[in-house]
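Encoded as structure tokens, the structure appears first; notes follow it.
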Amino acid sequence: MFLTGRLVIVAALGVVPLVLLDALGIPPWFVLIGWLALCAALVGVDVLLAAPVGALRITREVPSRGRQLEPVTATVIVQNLGTRRLRGRIRDGWQPTADAAEHGRARLDLPAGERRRLPIALLPRRRGELSSEFVAVRSTGPLGVAGRQGRHRVRGAIRILPPFTSRRHLPSRLARLRELDGNTSVQVRGQGTEFDSLREYVRGDDVRSIDWRATARAGTTMLRTWRPERDRHVVILIDTGRTSAARVGDGTRLDAAYESALLLAALAQRAGDHVHLLLFDRAVRGRVSGVEGTALLPALSDAMAPVHARLVDTDWGSAFAAIRTVTTRPSLVVVLTAQDAVESARSFLGAFPNVSRATTVLVGSATDVSIDALARARDSREDVYLAAAAERTLADAARVADAIRRAGAEPLAADPDDLPPRTADRYLELKAAGRL
């Protein structure tokens, strides 16, 4: 049972007869008891006349996947198996991060024997699995002062994937990839590239690419064209330890790493390379390997969705050992982590000899853009102290980056918005240089 605000109004109207009858000498307590008894009778009649909520059959139609910060519609199907018309409200019990506080409630007017489809608009604010364990129904009586209330345990769940906002950078990078791949007039030449085709020599071409045998057969000077090698291996290792939980910009470092990994994977897949993903802190939290074609991005998003940063130190020795279980061929290893403090980078740098088989190691880190602004501020005493701390942070980050270079890797630091395109650009540069 539940009570509505209309009952409060009815009870408040009892003040009028209480004042009038008190003027006639009737005891006020007698009037008060009588009025409360009338309100209770109205409540009882309304509850009895309200349609029973147990006579409803409730089912769901819920999409299996959705993306963070993108609208998702879940449908609740209500069928009235009773003999009375049900008027009231329905609430779908999604967890708060589904952002269904306003849209999770709907009015319901359901005659006996009929069925209604009620769309519930969601705007997920967090990755992972969103679930609703129940649907609550309120059936209001004809007087509108009370009614019946009950729950139907009908579970629904949606897996919310990373938003992949960096896909806006994909078209421009694919255009550059097509240029490298020989689909436009731009050709590349260099060690580590694959033979593509023969064409006639034009003035300005590299004479080292002339094919003399083809020239003798054709009777005109023929030139070899080249394209970047395919079927290479790209291993993306994402650190899910405590340093990835730090906030940078509007999200965390782990969110920026996911965006970079998805953009790089989409580009590498179109380039014909094999992409492997490892999510690691002290154990493998997610792994994708051996998936090709259009199934790659959905598989990566599925693996990333339930994994959040854990407040533990990453075991880098085991992390780099896990890379060797993915592939033993020379590869591009992209490590997405946060290495900007000397103390936390010691174990990371100590594990680097374990990846000597890799062709290139790229270490990407998302940085906080506010640190540069703090380092330049000098307006007050507090600003000076903050600037000193910011300068120390920047100096530590530079020391770690220099140590990463000496260890044989390439550091890449950028703010969360710039890290994905810069990682993709570096991949294209390696392709153009014949190093991948």
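The values are calculated or read from the model by the stated rules, or taken from the named source; none is laboratory data. Computed from a prediction, not measured in an experiment: that's the story for all the values here. Note that each Cβ is placed from the backbone with ideal geometry, even for glycine, and that neighbours are counted across all protein chains shown. Accessible surface is based on the protein model in full, side chains and every heavy atom, while ligands, DNA and RNA are left aside. Shrake-Rupley method; radii C 1.70, N 1.55, O 1.52, S 1.80 Å.
Can we say Arg105 is in contact (Cβ under 8 Å) with a residue 40 or more places away in the chain and not small (Gly, Ala, Ser)? So Arg105 fails the test.
Entry remark, the stretch 257-276: residues being assigned to a helix (DSSP H, G or I) and crowded, with 24+ Cβ neighbours inside 10 Å number 11 in total.
In the list Asp415, Asp383, which residue meets the criterion of being modelled with pLDDT under 85 and charged (D, E, K, R)? Reasoning before the result, please.
Details: Asp415 fails: modelled with pLDDT under 85.
It is Asp383.
Which condition breaks for Thr165 when tested against (1) at pLDDT below 85; (2) out of contact with any helix residue (DSSP H, G or I) (no Cβ under 6 Å at 6 or more places or on another chain)? If we test Thr165 against (1) at pLDDT below 85; (2) out of contact with any helix residue (DSSP H, G or I) (no Cβ under 6 Å at 6 or more places or on another chain), just (1) comes out false. For the stretch 57-70, filtered to residues that are out of contact with any Leu (no Cβ under 9 Å at 6 or more places or on another chain) and among the charged types (D, E, K, R), the residue that is most open to solvent (accessible area, probe 1.4 Å) is Glu61. Check whether at least one residue in the stretch 336-355 is within 20 Å of Glu410 (Cβ to Cβ), crowded, with 22+ Cβ neighbours inside 10 Å and at pLDDT 90 or above, and report yes or no. Scanning the stretch 336-355, I find at least one residue that is within 20 Å of Glu410 (Cβ to Cβ), crowded, with 22+ Cβ neighbours inside 10 Å and at pLDDT 90 or above, so the answer is yes.
The strands (runs of 3 or more DSSP E) falling completely within the stretch 71-137 that include 3 or more residues that are open to solvent by less than 40 Å² (accessible area, probe 1.4 Å), under 29 Å from Thr165 (Cβ atoms) and modelled with pLDDT of 90 or more map to 72-80. The single condition from (1) under 20 Å from Gln149 (Cβ atoms); (2) touching a residue at least 24 places away in the same chain (Cβ under 8 Å); (3) not in a helix (DSSP H, G or I) that Val43 fails is (3).
Would it be correct to say that Arg6 is assigned to a strand (DSSP E or B) and among the charged types (D, E, K, R)? Judged against the criteria, Arg6 is not a match. Name the residues in the stretch 63-91 that are without any contact (Cβ under 8 Å) to a residue 40 or more places away in the chain and not β-branched (Val, Ile, Thr), would you? Listed by number, the residues that qualify are Gln79, Asn80, Leu81, Gly82, Arg84, Arg85. Condition first: part of a loop (DSSP other than H, G, I, E, B) and under 25 Å from Ala398 (Cα atoms). Can you find one or more residues in the stretch 315-324 that meet it? Within the stretch 315-324, one or more residues are part of a loop (DSSP other than H, G, I, E, B) and under 25 Å from Ala398 (Cα atoms).
Taking the condition at pLDDT 75 or above, open to solvent by 70 Å² or more (accessible area, probe 1.4 Å) and in contact with a strand residue (DSSP E or B) (Cβ under 7 Å, 6 or more places away or on another chain), does Arg224 pass? Yes: the conditions hold for Arg224.
Of all residues in the stretch 227-250, those satisfying the criterion of being part of a strand (DSSP E or B) and surrounded by 16 or more Cβ atoms within 10 Å (Cβ to Cβ) are Arg227, Pro228, His233, Val234, Val235, Ile236, Leu237, Ile238, Asp239, Val248.
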